[in-house]
Amino acid sequence: MENAFFSVQKENSEYFSNIFSDSMYHIFLFNGNGKIVVDFVEYNFAGRTVFFSSPFQNIQILSDTLIEVEVLNFHSDFYCIEYHKKEVACNGLLFNNIYLFPHFSLTEEVYLEILNYFLKIQEVDKHEDFSGSVLQSYLQLILAISSKEKNKLLPDRELIKDDFNELKSFQRLVEEHFLSERNLSFYADLLYVTSNTLSKKIKSKFNKTPSQIIQERVILEAKKQIHLTRKSIKEIAVELNFNDEFHFSKYFKKYVGISPTQFRKEAGISIVADLYK
């Protein structure tokens with residue numbers, strides 16, 4: 001895929017002020033201060049920052065000042081993060097994790113190291129032999145460096161608060177029950193707290209409500225099934241416990257912005273779908 005990559009250098013963040021959503025994975029490098037809005041959840045950033053987004057997430061980047069921006073985009077047809085998960089463990093760490101922050105700060109050394117690979121990618125002649133392999137190698141290095149850095153910042157290592165076990169319990173319960181239980185009260189009852197108390201605790205930690213997390217978990221599973229399998233949309237709707245295909249499609253489009261059928265068309269069906277039947 002010759003057009004799988006492009007970069008934007010030192011653009012005013014107002015260039016990104018409109019919400020955009022597409023079929024690509026994105027890796028942003030920022031140098032400056034601003035705000036990222038991911039699916040309408042806000043995150044502030046300052047200094048040298050790297051940010052990751054997955055296909056058809058709604059992204060908005062805002063700043064009151066001029067910031068330096070580099071962006072790398074790739075489609076799963078070019079590099080499937082699930083297929084390469086043993087080489088670079090970024091799926092569920094950098095991308096597609098509703099419990100982890102989508103961005104983190106970088107030291108000057110690591111920022112310049114990643115930026116150097118961005119520049120090398122720009123220099124590759126995509127018409128030359130083996131250019132695809134070279135580009136994939138640079139991408140893997142960027143993902144490997146980023147995964148290593150994010151591993152140092154995982155919540156398990158930074159949280160020693162009294163409510164940490166409760167937050168982990170909420171994550172565990174969502175993973176166990178999101179297919180059948182999507183009401184906040186169900187999880188609050190199991191944790192012996194009020195819905196209001198649970199909402200405040202989850203909001204303070206994840207910057208989003210428990211209902212948003214449950215909803216995101218359903219959508220993430222739907223995206224995985226649509227992209228990583230050849231199951232029909234009707235079969236996926238049944239597995240996700242929707243009454244029928246129509247209600248599933250309506251739910252999916254409400255939060256993603258496009259229908260499940262359009263998502264499959266744009267994002268494609270991963271090579272993994274045929275490898276692990």
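Just so you know, all these numbers are worked out from the coordinates, no wet-lab data involved. What you see is a predicted model; the values in this text were computed from it and never measured. Quick reminder, even Gly has a Cβ in these numbers, built from the backbone with ideal geometry, and neighbours come from all protein chains shown.
As a ratio to 2.2 N^0.38 Å, the alpha-carbon radius of gyration for the range 13-156 is 1.01. Cross-link check: pairs LYS126/LYS148; LYS201/LYS250; LYS148/LYS200; LYS86/LYS208; LYS85/LYS223; LYS35/LYS250 evaluated at a Cα-Cα cut-off of 22 Å; pairs beyond the cut-off: LYS126/LYS148; LYS201/LYS250; LYS148/LYS200; LYS86/LYS208; LYS35/LYS250. May I ask for the angle, rounded to the nearest 10°, between helix 131-151 and the longest principal axis of the chain, with both axes built from Cα atoms and the value confined to 0 to 90°? Helix 131-151 sits at roughly 50 degrees to that axis. Give me the angle, in degrees from 0 to 90, between the Cα long axis of helix 164-177 and the longest principal axis of the Cα atoms of the chain, rounded to the nearest 10. Approximately 80 degrees, to the nearest ten. Relative contact order of the chain: 17 percent, from C-alpha pairs under 8 Å at least 6 residues apart in sequence. Taking N as the residue count of the range 188-277, its C-alpha radius of gyration divided by 2.2 N^0.38 Å amounts to 1.29.
The slack in the chain from VAL124 to LEU112, taken as 0.36 nm per residue of separation less the alpha-carbon distance, amounts to 2.5 nm.
Shown for GLU128, GLU42, GLU216: other C-beta atoms within 10 Å of each C-beta, ranked fewest to most, produce the order GLU128, GLU42, GLU216. Principal-axis analysis of the Cα atoms of the chain puts helix 210-228 at an angle of about 60° to the longest axis. By the count of other C-beta atoms within 10 Å, a proxy for reagent exposure, ARG48, ARG230 are ordered fewest to most as ARG230, ARG48. Based on DSSP H segments of at least four residues, each scored -39500 (n - 2.57), the chain has a per-residue ellipticity at 222 nm of -13500 deg cm²/dmol.
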